[in-house]
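Trainee: Structure below; questions to follow.
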Amino acid sequence: MVKRPTSNVERNQIIFIVGPTAVGKTAVACELARRLPGEIISCDAMQVYKEIHIASDKPSEELRKSVPHHLIDVVSVEEEFNVARYRALALEAIEDIRQRGRVPVFCGGSGLYMSAILDGLFEGGGADVEVRERLTQEAQEKGLPELYGRLKRLDPAASEKINPNDLMRIIRALEVFEVTGIPMSAMQLKRDGLWGAGAEDIRIFVLNRERAELYRRVEARVKEMFDCGLVDEVRAVLTKNVALAAGRLIGIPEVRGFLGGGYDLAEAQELMKLNTRHYVKRQLTWFRKEKRAQWVEISEGETTAAVVGRLVELLNQLPPSRQVL
């Protein structure tokens, strides 16, 4: 069992188990939650959708009965879902879990969702549909590198946190600057998150594996998804009026292309493997910038119990950022 801290710290403890796709987060987080005891809050952009099970690799019903999970099957794919709504629901889940004397354990691969909890969200400032449409048109005519270069000049701090290929976030950052005259990075410093509040005992663990092994696990998972009926699942989803955010989730565009006759099933599977590997790279890039996290490298063949044992040891120590040297 985890060594019991003072009652005040225990009551305010929040744990994040994050990392790239296919690293093994679910098994580790659930075993840790059993030992604390705690409950899981999903930190995953796909698991919120009721109709997406195979593509999102949701925990099994059996596992969700043995360890309570939150923020899974929250909305239909026909509904728009964003980070602000996620944050509101997650904060409610934290309080709900604490009322039962348990520890909230976030589990997932969305760095953006984690940041929303840790650092909050700055209020809207700088929303202007006309500016956004003009910037979108410029991206089409001049190319995304042109807009990203402009962002690097106007708001270098924001550009460091945005992937050069992330059209929506680049446009949003430029929109904020044009409308307000203030860099978005400066506005974000005013955000109200749990980390800055000082009343929370927050621990962040990034799980990782050797890259070649991680890619092997990704490819095995994608193959299993197709074997388990991914095509039928996506075919059913596409009969609905799918919201923009849901329609971009990995698995849906790749299978949609197959169903539309763009390529055969084998090509769809290879494309999904490729896109998932690219997503893994983006996840790792995001988490490497998270200086508050402790990285936990998992060896090939290492058991879940062994990994959780190491996490327990880390939980019983002060994190490096809070140690008195």
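Trainee: Between Glu267 and Glu78, what is 0.36 nm times their sequence separation minus the Cα-Cα distance? Round to one decimal in nm.
Mentor: 65.3 nm
Trainee: Then there's this: Can you show me the helix-derived [θ] at 222 nm for the chain, built from DSSP H runs with n ≥ 4 at -39,500 (n - 2.57) apiece and divided by the number of residues, rounded to the nearest 500.
Mentor: One gets -15500 deg cm²/dmol as the mean residue ellipticity at 222 nm.
Trainee: Moving to a separate point now. Under 17 Å Cα-Cα from Lys240, which lysines qualify once same-chain neighbours fewer than 8 residues away are excluded?
Mentor: The reachable lysines, counting only those whose Cα sits under 17 Å from Lys240, are Lys50.
Trainee: Could you list Cys107, Cys30 in order of exposure, starting from the residue whose Cβ has the fewest other Cβ atoms within 10 Å?
Mentor: Least crowded to most crowded, the residues run Cys30, Cys107.
Trainee: May I pose another question? Of Leu36, Val83, Asn165, which is farthest on the positive side of the dipole of the chain, counting Cα position, with +1 on Lys and Arg Cβ, -1 on Asp and Glu Cβ, and the Cα centre as origin?
Mentor: Final value for the positive-end residue is Leu36.
Trainee: Still on this structure, please answer the following. How large is ³J(HN,Hα) for each residue in the stretch 80-95, as worked out from phi by the Karplus curve 6.51 cos²θ - 1.76 cosθ + 1.60 (θ = phi - 60°), to whole Hz, x for Gly and Pro?
Mentor: Values, residue by residue: 6, 9, 9, 5, 5, 5, 4, 4, 4, 5, 5, 5, 5, 5, 4, 5 Hz.
Trainee: State the label only: which of (i) -0.30; (ii) -0.22; (iii) -0.37 corresponds to log10 I(q)/I(0) by the Debye sum over Cα atoms at q = 0.06 Å⁻¹ computed from the shown model?
Mentor: (ii)
Trainee: Quick one: which residues, 5 or more positions from Val296 or on another chain, have an amide H under 5 Å from its amide H? H modelled 1.01 Å from N in the peptide plane, none for Pro or chain starts.
Mentor: Answer set, sorted by chain and number: Val206, Leu207, Asn208.
Trainee: Which one, Gly181, Val129, Ala139, is farthest towards the positive end of the dipole of the stretch 129-188 when Lys and Arg carry +1 and Asp and Glu -1 on their Cβ?
Mentor: Value: Gly181.
Trainee: Run the numbers for Lys152 and Arg34: contour at 0.36 nm per residue of separation, minus the present Cα-Cα distance, in nm.
Mentor: Length gained, Lys152 through Arg34: 37.9 nm.
Trainee: Okay, next question. At 0.36 nm per residue, minus the direct Cα-Cα distance, what do Val312 and Ala243 gain on full extension? Give it in nm, one decimal, please.
Mentor: Between Val312 and Ala243, full extension yields an extra 20.8 nm.
Trainee: Give me a comma-separated list of calculated 3J(HN,Hα) values for the stretch 29-44, in order, Karplus coefficients 6.51, -1.76, 1.60 applied at θ = phi - 60°, integers in Hz, x for any Gly or Pro.
Mentor: 5, 5, 5, 5, 4, 4, 7, 5, x, x, 10, 8, 10, 5, 10, 9
Here, each number is a calculation from the coordinates, and none is a lab measurement. The structure displayed is predicted, hence computed values, not measured ones. A quick note on method: Cβ atoms are made from the backbone with ideal geometry, for glycine too, and the neighbour counts reach across all protein chains shown.
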